[in-house]
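The values are calculated or read from the model by the stated rules, or taken from the named source; none is laboratory data. Quantities reported herein were computed from a predicted structural model and do not represent experimental measurements. Using ideal geometry, Cβ is built from the backbone for each residue, glycine included, and neighbour counts are taken over all protein chains shown.
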Amino acid sequence: MKEQLLPLFPLKVVLFPATELPLHIFEERYKEMIGECLEHRSEFGIVLVLDEGLASTGCTASIAEVLRKFEDGRMDILVRGQRRFELVRIDQGKSYLRGEAQFFEDDQEDLRREDSRRQQALQLFTQMAEKFVSEGSGNPPPPPELGDAQLSFQIVSRLPADLPFRQTLLQLRSESDRIDRVISYLQKMAVRLTRMAQAQARAGANGRSH
């Protein structure tokens, strides 16, 4: 049986399962890749570009919608995260990269025991979303569902979390561990934003006093 290689799209982005991401396709090799994915209704892998190469863990994307096509072949598309994978090896036989991928799921856990922690994470999300809105970042993102089995991904996908943290989260196979890390990350983010606001207020007061 011929080995199936997963088309790869290296980006400065971390895609999570069951989250959406708009993409603008303009390079010739990726026009070719997306064209083939559309023709065969197949998915491709999004992997984070690092200074030293590619991250070893990524997430597949299915094309949910072609938003716009341009005369020169460029496209605006909307993709949806599907399956996480580990890259076993990379193949350079086509114009774009492909990889041998091993897919994985979360470990089995009883998430009902974690309800209080999940509620805490959701409350922190709401606080952070309101802070960003008050700073002029538009409308607040809709809150995720508390019962989502991968609530951690839904929370972080809606907030401006940094790429290393997102990548770490993507690799973890325990939702309980991810929720703990999300709570810690958002608590630190809240402290940082509060200190920034206080510093700006002091700077404004000093400016007015001169």
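Those residues that are under 17 Å from the mean Cα position of the chain (by Cα) and among the aromatic types (Phe, Trp, Tyr), I need them from region 56-102; list them, please.
Step one: list which residues in region 56-102 are under 17 Å from the mean Cα position of the chain (by Cα), which gives 56-64, 77-86.
Selection gives Phe85 alone.
Restricting attention to region 44-55, which residues are surrounded by 15 or more Cβ atoms within 10 Å (Cβ to Cβ) and over 15 Å from Tyr96 (Cβ atoms)? Steps first, answer last, please.
Initially, region 44-55 is screened for residues surrounded by 15 or more Cβ atoms within 10 Å (Cβ to Cβ), giving 44-48, 54-55.
Once the filter is applied, which keeps residues that are surrounded by 15 or more Cβ atoms within 10 Å (Cβ to Cβ) and over 15 Å from Tyr96 (Cβ atoms), region 44-55 yields Leu48, Ala55.
Search region 149-174 for residues being crowded, with 21+ Cβ neighbours inside 10 Å and either of a type in the set (Gly, Ala, Ser) or over 15 Å from the mean Cα position of the chain (by Cα) (or both), and hand back the single one that is nearest to Phe132 (Cα to Cα).
In this case the residue turns out to be Ser157.
What's the total number of residues in region 99-132 that are in a loop (DSSP other than H, G, I, E, B) and buried (at least 17 other Cβ atoms within 10 Å of the Cβ)?
The number of residues fulfilling the criteria is 1.
Name the one entry in Ile34, Ile46, Ile25 that is among the hydrophobic types (A, V, I, L, M, F, W, C) and touching a helix residue (DSSP H, G or I) at 6+ places or on another chain (Cβ under 7 Å).
Ile25
Are any of the residues in region 91-98 surrounded by fewer than 20 Cβ atoms within 10 Å (Cβ to Cβ) and either in a helix (DSSP H, G or I) or in contact with a Gly (Cβ under 7 Å, 6 or more places away or on another chain) (or both)?
Within region 91-98, one or more residues are surrounded by fewer than 20 Cβ atoms within 10 Å (Cβ to Cβ) and either in a helix (DSSP H, G or I) or in contact with a Gly (Cβ under 7 Å, 6 or more places away or on another chain) (or both).
Quick test of your reading of the structure: Leu67 fulfils all but one of (1) touching a strand residue (DSSP E or B) at 6+ places or on another chain (Cβ under 8 Å); (2) outside any strand (DSSP E or B); (3) at pLDDT 95 or above. Name the failing condition by number.
Status for Leu67: all satisfied but (2).
When you scan region 78-89, do you find a residue that is acidic (Asp, Glu) and over 21 Å from Leu163 (Cβ atoms), even just one?
Checked against the condition, which is being acidic (Asp, Glu) and over 21 Å from Leu163 (Cβ atoms), region 78-89 yields no hits at all.
Output yes when any residue across region 29-43 is assigned to a strand (DSSP E or B) and either touching a residue at least 40 places away in the same chain (Cβ under 8 Å) or not β-branched (Val, Ile, Thr) (or both), and no when none is. Talk me through it step by step, then tell me what you get.
We begin by selecting, within region 29-43, every residue assigned to a strand (DSSP E or B); these are none.
Within region 29-43, not a single residue is assigned to a strand (DSSP E or B) and either touching a residue at least 40 places away in the same chain (Cβ under 8 Å) or not β-branched (Val, Ile, Thr) (or both).
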